[in-house]
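Worksheet for the structure shown next.
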Amino acid sequence: MTAAGGLSIAAVPGRGARGGLLCACIVEGAGMTFSLLGRCARTGQFGAAVTTSSIAVGTRVPFLAPGIGGVLTQHRTDPRLGPRGVELLRSGCSASETVAALVASTPHHRWRQIAVMDSTGATAHFDGANVKPAHSVAHGKDVVALGNILAHEGVAPAMADAFLAAPGEALAERLLRALEAGEAAGGEHGDVTCACLVVMHRECFPYVDLRVDKDPAPLPALRRLWEEYAPLADGFVQRAIDPDDAPII
């Protein structure tokens, strides 16, 4: 698909890959953010995980809505594109239509790297002409992984492979394993110091929203947070919707 200015947008159907991957890679050097969007077909949850060298990544890159899908906006990040993309999805736009509209809506698209997942699990992405290499993207069933200023082009495929390898695990666990696989595959060219993990389920508030900032080892720290939070997640939801029958946490 070609967007405004003759720019190329890649789109992948949500139900066609059967676990296989479609990868788009450009390498001219070596990185700053890697991330992914994922969907659990069993529970209907949508989630995102991100790690980077920049502080407060959890407020700027992932944007999700329950039952709707999600958006990642990164590189020289414009957080305005996230809520805009979610509203496009809410209006009925597909992943590819949402990406095309986001690209057309910003005069600075050359600096943006965007990924979108719609309610069916279909995915699409956009790499602006000024996104620094190495950058890569991998699409699979219910997942899209991408990054910029990476050590090499294999990072995003390693993330998607890890996500697809654990279909029976909780979505948050699959997303975190994918980030860990990306780091093990080489990660960024530099050191990551921040990470976040977000999952939306049925409610308007996140089922999971965990963040690590300015830590020399953010992914081990994020894993510790998730392992502590995982057995409590349902209880926190129960406290919101039925406090009379909620657990003591």
Legend entry - Some residue of the stretch 221-234 being among the hydrophobic types (A, V, I, L, M, F, W, C), surrounded by 23 or more Cβ atoms within 10 Å (Cβ to Cβ), in contact with a strand residue (DSSP E or B) (Cβ under 6 Å, 6 or more places away or on another chain) and modelled with pLDDT of 95 or more: yes
Inset, instruction - Quick one: residue 192 ticks every box in (1) of a type in the set (Val, Ile, Thr); (2) more than 20 Å from residue 37 (Cα to Cα); (3) surrounded by 14 or more Cβ atoms within 10 Å (Cβ to Cβ); (4) in contact with a helix residue (DSSP H, G or I) (Cβ under 8 Å, 6 or more places away or on another chain) except a single one, so which number is it? - result: (2)
Inset, instruction - Kindly list, by first and then second residue, each pair from a residue in the stretch 234-248 that is farther than 17 Å from residue 201 by Cβ to a residue that is at pLDDT 95 or above and surrounded by 10 or more Cβ atoms within 10 Å (Cβ to Cβ), limited to pairs with Cβ atoms under 6 Å and residues at least 6 apart or on different chains. - result: 247/235
Inset, instruction - Return the residue satisfying two criteria in turn: it lies in the stretch 26-55 and is among the small types (Gly, Ala, Ser) and modelled with pLDDT under 95, and of such residues it is surrounded by the most Cβ atoms within 10 Å (Cβ to Cβ). - result: 31
Inset, instruction - Keeping to the stretch 180-216, report how many residues are more than 20 Å from residue 162 (Cα to Cα) and part of a loop (DSSP other than H, G, I, E, B). - result: 15
Legend entry - the stretch 79-122, residues that are part of a loop (DSSP other than H, G, I, E, B) and within 15 Å of the chain's Cα centre (by Cα): 79, 118, 119, 121, 122
Inset, instruction - Within the stretch 68-89, count every residue that is β-branched (Val, Ile, Thr), touching a Phe, Trp or Tyr at 6+ places or on another chain (Cβ under 7 Å) and crowded, with 22+ Cβ neighbours inside 10 Å. - result: 1
Inset, instruction - Kindly indicate which of 121, 154, 92 is surrounded by fewer than 24 Cβ atoms within 10 Å (Cβ to Cβ) and on the phi > 0 side of the Ramachandran plot. - result: 92
Inset, instruction - Identify, from the list 172, 195, 178, the residue that is under 17 Å from residue 157 (Cα atoms), small (Gly, Ala, Ser), touching a Leu at 6+ places or on another chain (Cβ under 7 Å) and at pLDDT 95 or above. - result: 178
Legend entry - Number of the condition not met by residue 242 [criteria: (1) surrounded by fewer than 18 Cβ atoms within 10 Å (Cβ to Cβ); (2) under 20 Å from residue 36 (Cα atoms)]: (2)
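Here's the yes/no breakdown for (1) in contact with a helix residue (DSSP H, G or I) (Cβ under 9 Å, 6 or more places away or on another chain); (2) closer than 16 Å to residue 135 by Cβ; (3) not in a strand (DSSP E or B):
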| position | (1), (2), (3) |
| --- | --- |
| 49 | yes, no, no |
| 55 | no, no, yes |
| 58 | no, no, yes |
| 71 | yes, no, no |
| 74 | yes, yes, no |
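The values are calculated or read from the model by the stated rules, or taken from the named source; none is laboratory data. Quantities reported herein were computed from a predicted structural model and do not represent experimental measurements. Please note: Cβ atoms are built from the backbone with ideal geometry, for glycine as well, and neighbour counts cover all protein chains shown.
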